[in-house]
1. Pairs needed: first member in the stretch 107-128, on the phi > 0 side of the Ramachandran plot; second member anywhere, loosely packed, with under 15 Cβ neighbours inside 10 Å; C-beta distance under 8 Å; at least 6 residues apart or different chains.
2. Given the residues Thr102, Thr138, which is the only one that is hydroxyl-bearing (Ser, Thr, Tyr) and either in contact with a helix residue (DSSP H, G or I) (Cβ under 8 Å, 6 or more places away or on another chain) or at pLDDT 90 or above (or both)?
3. Evaluate the following for Thr16: is it loosely packed, with under 10 Cβ neighbours inside 10 Å and either over 27 Å from Ala91 (Cβ atoms) or modelled with pLDDT under 80 (or both)?
4. Here is a list: Arg24, Arg96. Which entry is modelled with pLDDT under 75, open to solvent by 90 Å² or more (accessible area, probe 1.4 Å) and not hydrophobic (A, V, I, L, M, F, W, C)?
5. Looking only at the stretch 86-104, count how many residues are more than 22 Å from Leu132 (Cα to Cα), touching a residue at least 12 places away in the same chain (Cβ under 8 Å) and in a loop (DSSP other than H, G, I, E, B).
6. Say we look at the stretch 74-85 and pick out the residues that are open to solvent by 40 Å² or more (accessible area, probe 1.4 Å) and in a helix (DSSP H, G or I); which of these is farthest from Arg107 (Cα to Cα)?
7. Hey, can you tell me all the residues within the stretch 54-73 that are open to solvent by less than 50 Å² (accessible area, probe 1.4 Å), in contact with an Asp or Glu (Cβ under 8 Å, 6 or more places away or on another chain) and not polar (S, T, N, Q)?
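The values are calculated or read from the model by the stated rules, or taken from the named source; none is laboratory data. Computed from a predicted structure; not experimentally measured. Neighbour counts run over all protein chains shown; Cβ positions are idealised from the backbone, glycine included. These accessible areas exclude ligands, DNA and RNA; they are computed on the full protein's heavy atoms, side chains included. Shrake-Rupley method; radii C 1.70, N 1.55, O 1.52, S 1.80 Å.
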Amino acid sequence: MTALSKMALLAPVLVTRAALPHLRAAGALHGHAALVRFGEAMRRELYGSGVHVASVYPGPVDTPMMATTRAGADLGYALRPVDQVAAEILAGLEERRIDINTQLPERREMEYLNARDPLALDAALAPKLGALRAAVSTHRGI
């Protein structure tokens with residue numbers, strides 16, 4: 001990797017890290033997912049420049065980061081193999097998709113329900129809330 005390509009990778013990472021507090025504040029104020037809106041803004045700003053911006057939703061992936069979670073398939077957190085998720089992300093990038101969602105169908109359905117009717121999702125999750133909290137209580141993702 002050349003010094004220029006390292007800078008090309010490092011610059012967006014550092015800018016994103018610096019912007020996160022502002023994105024979170026805007027998300028809390030406006031009720032939107034800040035990184036999704038940030039990606040949309042970047043995609044529009046870079047339109048025609050040859051830079052492709054995609055939002056990736058990998059869902060739970062079987063990585064060391066997830067080793068401490070006890071939330072499993074019964075709670076909607078089935079871990080998927082890294083190689084499968086990576087292949088789906090690469091396929092989405094090759095297809096130049098702007099939203100790449102590699103989550104299992106039941107997780108996607110939860111997202112769609114949340115977008116359409118957040119109160120219905122709240123009601124669906126309510127009976128599992130105690131189990132969800134217990135399952136992630138010892139999780140240290142980072």
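1. Correct list of pairs: empty, since none qualify.
2. Numbers: Thr138 fails: either in contact with a helix residue (DSSP H, G or I) (Cβ under 8 Å, 6 or more places away or on another chain) or at pLDDT 90 or above (or both).
Of Thr102, Thr138, the one residue that is hydroxyl-bearing (Ser, Thr, Tyr) and either in contact with a helix residue (DSSP H, G or I) (Cβ under 8 Å, 6 or more places away or on another chain) or at pLDDT 90 or above (or both) is Thr102.
3. Working: loosely packed, with under 10 Cβ neighbours inside 10 Å: no; either over 27 Å from Ala91 (Cβ atoms) or modelled with pLDDT under 80 (or both): yes.
So Thr16 fails the test.
4. Values: Arg96 fails: modelled with pLDDT under 75.
Answer to the check: Arg24.
5. Kept after step one, since they are more than 22 Å from Leu132 (Cα to Cα), are these residues of the stretch 86-104: 86-101.
From what's left, touching a residue at least 12 places away in the same chain (Cβ under 8 Å): 88-89, 92-93, 96-101.
Add one more test, that the residue is in a loop (DSSP other than H, G, I, E, B), and what stays is 96-98.
Residues meeting the conditions: 3.
6. Step one: of the stretch 74-85, the residues open to solvent by 40 Å² or more (accessible area, probe 1.4 Å) are 74, 77, 79, 81-84.
When the remaining residues are screened for being in a helix (DSSP H, G or I), the result is 74, 82-84.
Values: Asp74: 12, Val82: 17, Asp83: 19, Gln84: 16 Å.
Result: Asp83.
7. Selection gives Ala54 alone.
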